[in-house]
Amino acid sequence: MISILNWIALLTALATSIGLLLHQNWRWGVGLLAVQYVSVFWLVQTHWPVSMAAVKLVTGWMACVILGMASMNTETAGGIEASWPQGRLFRIFTGGIIVAASFAISLRASSWLGLGLPLTWGSLLLIGMGLLQLGITARPIRVIFGLLTALAGFEILYAAVESSILVAALLSVVNLGLALTGAYFMNLTQEEEP
């Protein structure tokens, strides 16, 4: 039963990370990030107690609230991003490459690390999708979505290695710091625009 739920959490992480890559609306992004933190919670709780894994969930949701409030205050016309690879077909293709590469790497890494395949694949998938999103965007909220996604993948992998309360608190502070930094930069770019 637990294994099936791990696979469901992996599929949820896959769907939300691809959704974050494709949707340019900040409302969809915040919602998908909140759902992504539910899957991170489930994958982390396989190695940590539920109370410590709940810290990841609550911190992730707090980061979503911070980003949502900052986006409501700085809502602009939006528009198309001015980067070169901006089409959905390109994003789907590169996302597929990340999914295939993370699966291939996780087959070896799961036995090497002694972890289950859903946990390893979910971790590497989120790290790869976060880095991909960082590489193809310049908007502050999209950059923060990418950083939070990559950090969530790292947290899943790190939870299997270390179960310190202090490390969990430090990673929560980093998540909240990223959200607050993103809110600051969104407000800063809003003030600079005429």
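No value in this document is a laboratory result; all are computed from the given coordinates. Source: prediction; values computed, not measured. Methodologically, a virtual Cβ is constructed for each residue, glycine included, from the backbone with ideal geometry; neighbour enumeration extends over all protein chains shown.
Looking only at region 19-57, which residues are among the small types (Gly, Ala, Ser) and either within 12 Å of the chain's Cα centre (by Cα) or surrounded by 19 or more Cβ atoms within 10 Å (Cβ to Cβ) (or both)? Within region 19-57, Gly19, Gly29, Gly31, Ala34, Ser39, Ala53 meet the criteria.
For residues that are within 18 Å of Ile92 (Cα to Cα) and in contact with a Phe, Trp or Tyr (Cβ under 9 Å, 6 or more places away or on another chain), scanning just region 116-133, find the one that is surrounded by the most Cβ atoms within 10 Å (Cβ to Cβ). Per the stated criteria, the residue is Leu126. For first residues located in region 45-65 and farther than 17 Å from Leu151 by Cβ, partners that are assigned to a helix (DSSP H, G or I) and polar (S, T, N, Q) and lie 6+ apart or on another chain with Cβ distances below 7 Å form the pairs Thr46/Asn6. Within region 1-18, if we keep just the residues that are among the small types (Gly, Ala, Ser) and buried (at least 17 other Cβ atoms within 10 Å of the Cβ), the residue that is farthest from Val55 (Cα to Cα) turns out to be Ser17.
When Leu115 is tested against (1) in contact with a Ser or Thr (Cβ under 8 Å, 6 or more places away or on another chain); (2) not in a helix (DSSP H, G or I); (3) not polar (S, T, N, Q), exactly one condition is not met: (1).
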